[in-house]
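Step one of this worksheet: look at the structure below.
The values are calculated or read from the model by the stated rules, or taken from the named source; none is laboratory data. Keep in mind that this is a model prediction, so the values were computed, not measured. Positions of Cβ are generated from backbone atoms using ideal geometry, with glycine treated the same way; all protein chains shown enter the neighbour counts. Side chains included, ligands, DNA and RNA excluded: accessible areas come from the protein's heavy atoms. Shrake-Rupley method; radii C 1.70, N 1.55, O 1.52, S 1.80 Å.
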Amino acid sequence: MADSAAAAAAAAAQPATVGQAVIPLVNRLQDIMARLDGEAAAGVELPQVAAIGGQSSGKSSVLEALVGRDFLPRGPEICTRRPLVLQLVRHSAPEEWGEFLHAPGRRFDDFEHIKREIQSETDKEAGGNKGVSDKQIRLKIFSPNVIDITLVDLPGITRVPVGDQPSDIESRIRTMIMQYIKHPSCIILAVSPANADLANSDALQLARLGDPDGSRTIGVITKLDIMDRGTDARNFLLGNAIPLKLGYVGIVNRSQEDINFNRSIKDALAFEEKFFSTLPAYHGLSQCCGVPQLAKKLNMILLKHITDMLPGLKSRINAQLVAVAKEHAAYGDTAESTAGQGVKLLNILGKYCEAFSSMVEGKNKVSTDQLSGGARIHYIFQSIFVKSLEEIDPCKNISDEDIRTSIQNSDGPKGAMFLPEVPFEILVRKQIGRLLDPSLQCAKFIYDELVKISHGCLTSELQKYPILKRRMGESVSNFLRDGLRPAETMITHIIEMEMDYINTSHSSFIGGSKVVELAKHEGLSSRGPTSLSVHKDGVGISSEAQLKSSTENNVQLKSERGQKSRAVFARDTSRGAIAEKGFQPDTDAGTSVAGGGQNGHSLVGGSLSSMSDPRVYSLNSLYSMIRLREPPSTLKPSENKTDRDRTEIAIVKLLVKSYYDIVRKSIEDAVPKAIMHFLVNHTKRELHNVLIRKLYRESLLDDMLRETDEVLIRRQRIQETLQVLEQAHRTLEEFPLEAEKVERGYSLSEYGTGLPNIPGLSNRNPRGILP
């Protein structure tokens with residue numbers, strides 16, 4: 001590495017043009033970015049040249065010709081089995097050597113050693129039996145005979161798997177190649193042999209996929225010297241067959257025999273020059289024939305490509321630098337002292353509680369995908385709880401039999417003349433009690449939402465500290481559970497209060513004559529004219545005109561007895577009942593009881609006056625004794641309902657519905673208030689204090705702030721990535737982009753190909769290098 005630094009310093013000592021500086025700049029960036037893994041370097045694609053071609057297309061021979069030395073593994077089968085990133089660095093010293101990125105500080109002066117190192121590294125990663133790997137080998141060659149350029153030698157396309165190659169080796173290699181050539185920053189060097197049909201060239205087919213308009217592809221046609229006699233590649237080189245914007249260059253490769261007999265690159269270049277100069281078919285095509293012209297073309301095209309890409313490259317590196325710096329700040333530094341750990345814990349707790357309150361209040365980042373935080377709480381209150389209560393029918397579970405039974409049970413042994421309030425109160429309490437379960441469910445739903453909100457607070461920060469995250473989760477869950485209990489108790493008290501006092505004086509409660517009117521409009525008493533009218537106060541109820549006097553007598557009798565009526569309207573005291581198992585009274589007994597006097601005062605065959613005489617009663621009992629049947633264990637109202645029964649049932653239902661609606665509206669308002677006070681707002685007010693009281697302990701700091709191994713490794717990677725990007729940013733800032741010089745480029749007479757001067761080989765500078 002010291003030698004490479006010295007070479008770079010020697011190169012810097014020379015008067016540099018923009019052209020001389022821009023390609024080494026990218027080489028420096030290549031070295032810097034090579035320290036990053038694939039994920040971190042994915043966003044920064046540096047300008048480079050990728051050589052692609054089919055197996056045995058002569059691709060490796062082209063690269064060796066550009067370097068001027070034998071250094072690549074050769075053979076009849078696939079030789080390039082890992083991507084080789086080759087950086088050519090020109091310097092003024094006469095020495096030539098190579099350096100590998102995986103062997104820092106080690107200098108390879110013998111190119112045979114370089115070849116063996118490439119083979120050894122390939123076998124280490126891809127195996128020794130023709131396996132293929134996408135892991136790069138990075139080689140830097142320093143020489144006075146090369147141009148500054150970066151080339152990537154990719155594995156050749158093969159169709160038939162051999163050795164340890166998988167059955168899908170062709171698709172794997174194609175995918176690997178596409179990973180390089182699909183980026184706009186990549187110049188494609190598509191190598192195709194002249195002795196094969198160019199229309200079927202694997203390299204040109206892949207290049208068309210990665211570069212559809214052909215603006216980044218240079219065609220290289222190899223093995224021109226072994227074409228069939230009478231044929232030439234003139235039309236190919238002129239682009240008449242398959243046009244490319246950057247044109248074609250023809251190459252004469254060393255044959256396998258030349259390689260076996262160690263024919264040097266210098267001799268091969270001399271033979272190539274002689275071949276093109278003697279064949280009339282290639283006269284006038286000097287700008288696109290030979291390795292020296294390929295080197296010049298590559299150098300100029302890469303120079304222009306780099307200068308075009310540099311502004312965008314700067315922007316991408318800056319954007320990635322900002323993103324990585326932000327992530328690094330999120331990971332923060334590790335706190336060593338106890339005081340530092342305490343401050344960090346307090347900051348985390350404070351941020352957590354602030355995030356919790358913000359999510360509840362809707363002050364956090366507003367999501368456009370779905371409802372979250374406090375919006376979900378509002379939805380539960382209004383769209384679930386309130387709507388569910390509104391959909392409940394208070395009389396759905398109350399049958400007519402239930403109402404009639406409760407009415408008759410409330411009459412007691414006498415049979416009341418007025419419809420009592422007790423059945424209404426019993427039934428309405430029962431319906432009010434049904435509101436308890438949905439109210440408690442609503443509180444549980446809000447509790448679950450608060451738990452979800454707590455899990456979504458400061459997730460990235462707490463991810464680093466699993467023990468702290470677990471302890472905070474436990475503390476918040478316990479605190480929310482403690483807040484749920486008083487909320488549930490308050491809800492229970494609200495329902496019990498409504499059940500304990502039935503306020504029939506409520507202004508919205510429908511009572512008195514209005515109930516009867518509603519019952520008539522609903523057609524519940526349509527079988528005949530009703531004989532009832534209900535006063536507003538629910539006490540005075542009169543019959544039809546012919547029954548006025550009897551009703552007044554009844555009212556007078558009750559007032560004389562000092563009994564205050566609690567009824568809502570007058571009713572007939574007669575009622576019927578049937579046994580549950582079809583019990584019927586004894587008709588013979590009924591006939592015997594009904595016998596006797598014409599005035600209807602007769603009981604068991606005698607007058608009332610005769611019963612005062614004990615001798616007569618004793619005599620009659622000897623031959624007129626009547627035995628009654630035992631009453632059944634279960635009695636229900638008669639199945640035959642009168643119009644009065646129907647009216648009573650309808651009125652009770654209307655009263656229950658009216659009062660239930662009053663209570664329901666009160667519950668819909670009171671329950672959310674109780675939940676917000678005892679659970680939601682209480683949590684917002686006290687959560688910070690609870691967390692500090694539970695977690696801020698000096699003995700727990702080390703455990704709670706211990707990071708996972710994954711976090712430590714990730715922080716180290718982020719820190720290394722940040723350092724690399726900062727270095728790349730500084731490198732780009734050091735380079736002055738002078739627009740005029742960049743557009744003009746540099747003269748090839750000042751900066752030639754760098755290829756060795758060979759006797760008899762002209763090093764001319766033809767025009768039209770860039771087509």
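Residue 485 to residue 275: extension gain in nm, 0.36 nm per residue of separation minus the Cα-Cα distance? Difference between extended and current length: 65.9 nm.
Note on residue 677 and residue 238: the model spin-label points, each 7 Å out from Cα along the C-beta direction, lie 9.7 nm apart. For segment 48-317, the fraction of C-alpha pairs farther apart than 30 angstrom is 26 percent. Given a 1.4 Å probe and the protein chains as shown, residue 467 ends up with an accessible area of around 40 Å².
To the nearest 10, the accessible area of residue 354 is 120 Å² with a 1.4 Å probe. Using a/c under 1.5 as the rounded threshold, could you call segment 279-385 rounded, prolate or oblate? The axes a ≥ b ≥ c are square roots of the C-alpha gyration tensor eigenvalues, and prolate needs a/b larger than b/c, oblate otherwise. Oblate shape, in that a/c is at least 1.5 and b/c is the bigger or equal ratio. Taking amide hydrogens as placed 1.01 Å from N in the peptide plane, the amide H of residue 97 sits under 5 Å from those of 142, each at least 5 positions away in sequence or on another chain. For residue 285, nonlocal amide neighbours, meaning residues 5 or more places apart or on other chains whose placed amide H falls under 5 Å from its own, do not occur. Residue 678 contributes an accessible area of around 60 Å² to the protein surface, as traced by a 1.4 Å probe with all chains present.
The mean accessible area for residues of segment 263-408, using a 1.4 Å probe and ignoring ligands and nucleic acids, is 50 Å² per residue. Applying a DSSP loop filter and a limit of 15 other Cβ atoms within 10 Å to the GluC sites (Glu not before Pro) in segment 230-338 leaves 336.
Between residue 247 and 219, the built amide H atoms are under 5 Å apart, and every one of these is 5 or more places off in sequence or on another chain. Extension gain, residue 665 to residue 322, is 117.9 nm, computed as 0.36 nm per intervening residue step minus the present C-alpha separation. Packing-based ranking of 221-227, 132-138 yields 221-227, 132-138, ordered from highest to lowest mean Cβ neighbour count within 10 Å.
For residue 183 and residue 283, a Förster radius of 45 Å and the Cβ-Cβ distance give a FRET efficiency of 0.70, rounded to the nearest 0.05.
Of the residues 361, 425, ranked by 1.4 Å probe accessible area with the largest first, the sequence reads 361, 425.
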